[in-house]
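Okay, structure first, notes after.
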Amino acid sequence: MQLHEDKYKDLNLKIGLEIHVQLKTDQKIFCECSSDYINSSPNNNICPICTSQPGSKPMGVNQKALENLLKIGLFLGCKAYEKPFYVQRKHYFYPDLPSNYQRTSQPILGNGVFMGVGIWEIHIEEDPGRYELREGKVDFNRSGVPLAEIVTAPDIKSPEYAREFLRDLLLSLEYLGVIRGESGSIRADVNISIMGGNRIEIKNVNSVKGIYKALKYEIVRQKAVLQRGGTITMETRHFDEASMITKTLRKKETVADYRYIPDPDLVPIYISPEMLNEIESVLPESPHNKKKRFMEEYSLGEEIVDSLISDLYLSDLFEESAKNSNPLEAGKWCATELKRRLNEKNLSVSTSKIKPKHISDMVGFIERGELSVKNAKWIIEDAVDTGEEIPVLMDKKNFYQISSEDTLIKIIEKIIEDNPKAVLDFKSGNQNALHFLFGKVVNETEGRAEPSKTIKLLKDKLCAVA
Ligand SMILES: [Zn+2]
């Protein structure tokens, strides 16, 4: 993997990320409200708990959310700490937070490594509501949606690697089925320092692209400050998506500013060894390991494998089809033509009608010379659209190639007999005559003559003609 570090070598870049992902659950973290904050009208999925009404008390932590958090941690190679964890109150004041504090747990897992980047800690917390600054309106549907916060070590040395790391991380979390799929379900605070200067935090960047752009901008900005002989002050900055620049938000808060205290309304979280064992036993293969295995086991090229593993269901479909066909061919067709058709139709493997048998059958037909590569592209489109079996589709389109030598020879003999001038031309060394006669065979068979066999037999026959 290209780390793109060389061009930043002199800058001694240190980039760390605090990544927030929304955990996939039906209910919120401390109450039974639906966690669907996107498809329902504002302030519909709320109750006294998630809007912090006087006298309301949180329920215990949503177990599904906790399970998903543990899956993430174990998948990233972290160890779970063997102690009860307090849920703490982190105080700050904002219209989307009626309690004036956000509930956030102590670190539950830590000491992991993912793609060479240290994972310092992972904890669970609640999402605040959504405050529409311009209209001054607050929607509390999101208030109490469970979040995981993943804190990395400052091991990332370029914006490009930060982008690659985040893309792979998100893909892994999708594989695990533990995060919500909507866009905007990732938010990150980005820390960056250059040339040993002070650390700058860029708050709440909400896309991978935004994180990349914010980092690129900060490098240019900080370099310019240092070149003018200035110093970088430790501060929190805001990334403006529209102008793609960062602006000073406030001087950095310290831990003391948040006045953390354990929430007296919640019993500490305890993770039992049994729970951990159970989760560990059902963890799926990581995309990273799958990539390595596909390249070794099936001898597939990196580009094909990257395309296959970018979609869990596509990679599963490929593996099933490879059981009954040549994996090199099956991999190629899944990674290119099948994927192209799915994208074109805005479908996924699970929403389309494609099955592993389509691919393995099709590869078999091609290898036996009964289906041309050109026609196979049409067949794959029909299979995605209709789900009909490959032989049925080939019949319908009259795609069966003539590859029987006996049948081809008979046709070739007739063509040779009908075109004496072309035969003479071939004899006198005119290669165009061969193409002309080949074209005649193709016409005669309505394009169904298997090309390589036809050319070979045609040459043999022409040489044999006295
Ligand atoms: Zn609620």
> Within the accessible area of the chain, what % is carbon and sulfur when the probe is 1.4 Å and the other protein chains stay in place?
Replying inline: 51 percent
> If the chain between residue 7 and residue 53 were fully stretched, how many nm would it gain, using 0.36 nm times the residue separation less the Cα-Cα distance?
Replying inline: 11.2 nm
> Excluding residue 45 itself, what net charge comes from residues whose Cβ is under 12 Å from its Cβ, given Lys and Arg +1 and Asp and Glu -1?
Replying inline: -2
> Looking at the P(r) of the stretch 6-281, how many percent of alpha-carbon pairs lie beyond 29 Å?
Replying inline: 34 percent
> Can you list, largest first and rounded to whole Å, the semi-axes you get for the stretch 144-273 by taking the square root of 5 times each eigenvalue of its Cα gyration tensor?
Replying inline: 29, 21, 14
> Among 195, 179, 349, which residue has its Cα positioned farthest towards the positive end of the charge dipole of the chain, with +1 placed on the Cβ of Lys and Arg, -1 on the Cβ of Asp and Glu, and the dipole taken about the Cα centre?
Replying inline: 195
> If the viscosity is 1.002 mPa s and the temperature 20 °C, what translational diffusion coefficient in µm²/s does Stokes-Einstein give for the stretch 287-397 when Rh comes from Kirkwood over Cα pairs?
Replying inline: 155 µm²/s
> Any idea what the relative contact order of the stretch 298-341 is, in percent, if you count C-alpha pairs under 8 Å spaced at least 6 apart?
Replying inline: 47 percent
> Taking the Cα atoms only, what angle lies between the long axis of helix 312-322 and the longest principal axis of the chain, rounded to 10 degrees?
Replying inline: 30 degrees
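Exceeding 22 Å between C-alpha atoms, which entries from my cross-link table qualify? They are 291/353; 397/456; 57/90; 357/453.
Details: 291/353 26 Å; 397/456 26 Å; 57/90 17 Å; 357/453 27 Å.
The answer is 291/353; 397/456; 357/453.
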>> For the stretch 42-98, compute Rg over Rh where Rg is the Cα radius of gyration and Rh is the Kirkwood radius from the inverse mean 1/r over Cα pairs.
In response: 1.05
> If 372, 350 are ordered by their accessible area, calculated over protein heavy atoms with a 1.4 Å probe, which sequence runs from highest to lowest?
Replying inline: 350, 372
>> Can you compute the charge dipole magnitude of the stretch 373-466 about its Cα centre, using +1 on each Lys and Arg Cβ and -1 on each Asp and Glu Cβ, nothing else charged? Give it in debye, rounded to the nearest 20.
In response: 500 debye
> Long-range amide H contacts for residue 44: which residues qualify at under 5 Å (H placed 1.01 Å from N, peptide plane, sequence gap of 5 or more or a different chain)?
Replying inline: 141
>> Order 306, 10 by their accessible area, 1.4 angstrom probe, all chains in place, largest first.
In response: 10, 306
>> Output needed for the stretch 405-464: three equivalent-ellipsoid semi-axes, defined as square roots of 5 times the C-alpha gyration tensor eigenvalues, in descending order, whole Å.
In response: 17, 11, 11
> Taking only C-alpha pairs under 8 Å that are 6+ residues apart, what is the relative contact order of the chain in percent?
Replying inline: 13 percent
> Given charges of +1 on the Cβ of Lys and Arg and -1 on the Cβ of Asp and Glu, with all other atoms neutral, how large is the dipole of the chain about its Cα centre, in debye to the nearest 20?
Replying inline: 1440 debye
> In nm, to one decimal, how far is the residue 320 label point from the residue 130 one, both placed 7 Å along Cα→Cβ?
Replying inline: 3.6 nm
>> Quick check for you: with a 1.4 Å probe and neighbouring chains kept, what is the accessible area per residue of the chain, in Å²?
In response: 50 Å²
> Rg and Dmax of the chain over Cα atoms: what are they, in angstrom?
Replying inline: 30.8, 106
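The values are calculated or read from the model by the stated rules, or taken from the named source; none is laboratory data. Worth saying up front: this structure is predicted, and the values here are computed from it rather than measured. FYI the Cβ positions are ideal-geometry reconstructions off the backbone, even for glycines, and counts take in every protein chain you see. To get the accessible areas, we keep the full protein, side chains included, count just its heavy atoms, and leave off ligands, DNA and RNA. Shrake-Rupley method; radii C 1.70, N 1.55, O 1.52, S 1.80 Å.
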